[in-house]
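Trainee: Okay, handing you the structure first.
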Amino acid sequence: MRVAVILFALTAFGLGTILFATPGTEIDFTTTKSGELVQNTKSPLESLFGRASLEETASTTETATSTTATTTKEEAAQPWQAYEDSESQSPLANPPEVIKAIYATGWSAGSEKKVQYFIDLIKSTELNAIVIDIKDYSGHVLYDIQNEDVIRYRGKQVQIPRVNALIKRFHDEGIYVIARQTLFQDPVLAKARPDLAIQKDEIVAPAVVETNGTTTMVITPTSTRRVVWLDNKGLGWIDPGAKEAWNYNIAIAKDAAARGFDEINFDYIRFPSDGALSAMRFPHYNAATTLKQTQIKRFMEYLRSETKGIIISADLFGLVTVNNDDLGIGQNLKDAAPYFEAITPMVYPSHYARGFIGFQNPGAHPYEVVKYSMEKAREKLTLYNKKCHTEEKVVGTSTISEEVCETNVSYMNTKLRPWLQDFDLGADYDAEKVRAQIRAVDEMVKDTPLYGGWMLWNPSNVYTKGAFLVE
């Protein structure tokens, strides 16, 4: 068989053919300007947490699954017994000043059996709030939203059939209801709108054409196409600089708030932390002129300006409590504080790297890890205003001037409400270990205006009742 090899000429710019394609498979190397293939390097967070930890449980609330250990899709589809679908609700009349919450997936929130479990648990203990997924790691909105963009992008997967009735049911029990909404990790929007997504250059494979027994291989050495970049879990992300995506998410948050959710809790307010980070290409964010930290802060400022009158909170990586940089993902505790009623750092002890504050297994030391994290967070959010004046004193026959200073202590205008661990990772998290984290939070911030309570995370939505005070 005769094989003819044809080489495409380079373009006038020496770049070769550039194509745009739908999401593809991620490659494990990057192409330099010289055409050399190089391995991708580890992210800053891999060095801090350890790669295994990141891949297993990259962030707190970010490890949610679409199903739970005890809730099936059949259960979630059962009709409500107590309520028909109702009109939009008003926020809870007398919301608690200190939030003590548990987390529920969309499937759990759509299950009569699980909802009753949550209510019974909350009403019989010190708990007073619940966090419910309305847009999760998949990018799907989990209730029957009528937003045109969500519908056009096929971004709706109804797991909560009657969300207004659900809010009413919790409110009737005096329970504060928080909607959890993911932001920049959004596979649905990335697929529907790749122009808004983080992208990568993918090398185009040679095209092989056979005609009359003759095979012609077309080789384009520098030809690449742009595809949607995927993280280690195969999930697409939105460019944090894409303002159209900002407005898309803000519209969803406003819809949820209008239905009666008492607070919107935002997650994934960041750049990716895992995957082939050096291969990322941003169609909107300009890394040459803007730091990641600055970009995320700009988004937070815009988010606040567009959600006036809505209580909002922000999930941040646990390390923001102890680090002064942006962790390589754009998150910084002091940057976020002015824009949210509550900051909810994910201080799960199991997520800290071996050797953190001297522990080979931080997960086995929940009290010490959470206490240290909250102590450092408190320090970052404390403002010291030093005022000095000059006083004259008579010493013997002389008059001398002396500077007298006073320091007034105040705090940034936000609340600290950390996510705590109620799942087995790094250790068996029994009632004692769960309670140890709560005690650490109380000891560090309860005596300050920063105290906002705590929230517990368990991906299967089954909680350790013995860890809570009984009402």
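What follows is calculated from the coordinates using simple rules that are stated; it is not laboratory data. What you see is a predicted model; the values in this text were computed from it and never measured. Note that we place each Cβ from the backbone using ideal geometry, even for glycine, and neighbour counts take in every protein chain shown.
Trainee: Which three extents, in whole angstrom, do the alpha-carbon atoms of region 346-471 cover along their principal axes, largest first?
Mentor: 77, 36, 21
Trainee: Still on this structure, please answer the following. I need the phi-derived Karplus couplings for region 244-258: 6.51 cos²θ - 1.76 cosθ + 1.60, θ = phi - 60°, integer Hz, Gly and Pro marked x.
Mentor: Result, rounded to whole Hz: 4, 6, 4, 5, 4, 6, 5, 4, 5, 4, 5, 5, 5, 5, 5.
Trainee: Same structure again: Of all the C-alpha pairs in region 322-383, what % are more than 14 Å from each other?
Mentor: That tail contains 60 percent of the Cα-Cα pairs.
Trainee: Considering only region 314-461, what is the antiparallel percent among its DSSP beta bridges, to the nearest 5?
Mentor: Of the beta bridges lying entirely in region 314-461, close to 55 percent run antiparallel.
Trainee: Something else: Grab the eigenvalues of the alpha-carbon gyration tensor for region 131-207, scale each by 5, take roots, and send me the semi-axes largest first in whole angstrom.
Mentor: Semi-axes, largest first: 35, 13, 8 Å.
Trainee: Could you compute the FRET efficiency for residue 389 and residue 98, with r as their C-beta to C-beta distance and R0 at 41 Å, rounded to 0.05?
Mentor: 0.60
Trainee: If you don't mind, another one. On a straight-distance basis, which aspartates and glutamates could pair with residue 433 in a cross-link, Cα separation under 14 angstrom, same-chain partners fewer than 8 positions away excluded?
Mentor: Counting by Cα, and skipping residues close in sequence, residue 433 has these aspartates and glutamates nearby: 368, 422, 424.
Trainee: What are the ³J(HN,Hα) values, in whole Hz, obtained from phi via the Karplus relation 6.51 cos²θ - 1.76 cosθ + 1.60 with θ = phi - 60°, for each residue of region 344-359 in sequence order, with x given for Gly and Pro?
Mentor: Here the 3J(HN,Hα) series is 10, x, 8, 8, 4, x, 5, 8, 8, 5, 3, x, 4, 6, x, 9 Hz.
Trainee: Can I ask one more? Short version: ³J(HN,Hα) in whole Hz for each residue of region 381-398, in order, from phi by Karplus 6.51 cos²θ - 1.76 cosθ + 1.60 (θ = phi - 60°), x for Gly and Pro, what are they?
Mentor: My calculation for region 381-398 gives 9, 9, 10, 10, 9, 9, 10, 10, 9, 9, 10, 9, 10, 9, 10, x, 9, 10 Hz in order.
Trainee: Sticking with this one: In terms of modelled amide H atoms, which long-range or inter-chain residues lie less than 5 Å from the amide H of residue 159?
Mentor: 143
Trainee: For residue 326, which sequence-distant residues (separation of 5 or more, or a different chain) have an amide H within less than 5 Å of its own amide H, given hydrogens modelled in the peptide plane?
Mentor: none
Trainee: If we restrict to alpha carbons, what Rg and Dmax does region 389-456 come to, in Å?
Mentor: Radius of gyration, then largest Cα-Cα span, for region 389-456: 23.5, 74 Å.
Trainee: Using a cut-off of 13 Å between beta-carbons, work out the net charge of the residues near residue 445 (Lys and Arg +1, Asp and Glu -1, residue 445 not included).
Mentor: +3
Trainee: Turning to a different aspect of this structure: Mind scanning 308/371; 191/243; 123/254 and naming the pairs with a C-alpha gap bigger than 24 Å?
Mentor: Checking Cα-Cα distances, 308/371; 123/254 exceed 24 Å.
Trainee: List the residues whose amide H sits under 5 Å from the amide H of residue 347, counting only those 5 or more places along or on another chain, with H placed 1.01 Å from N in the peptide plane.
Mentor: 419
Trainee: Grab the beta carbon distance between residue 413 and residue 203, set R0 = 56 Å, and tell me the FRET efficiency rounded to 0.05.
Mentor: 0.65
Trainee: Over region 373-471, what relative contact order in percent results from Cα pairs under 8 Å that are six or more residues apart?
Mentor: After rounding, I find 29 percent.
Trainee: I would also like to ask the following. Can you give the FRET efficiency for residue 465 and residue 364, using 1/(1 + (r/R0)^6), R0 = 25 Å, r = Cβ-Cβ distance, to the nearest 0.05?
Mentor: Here the calculated transfer efficiency is 0.65.
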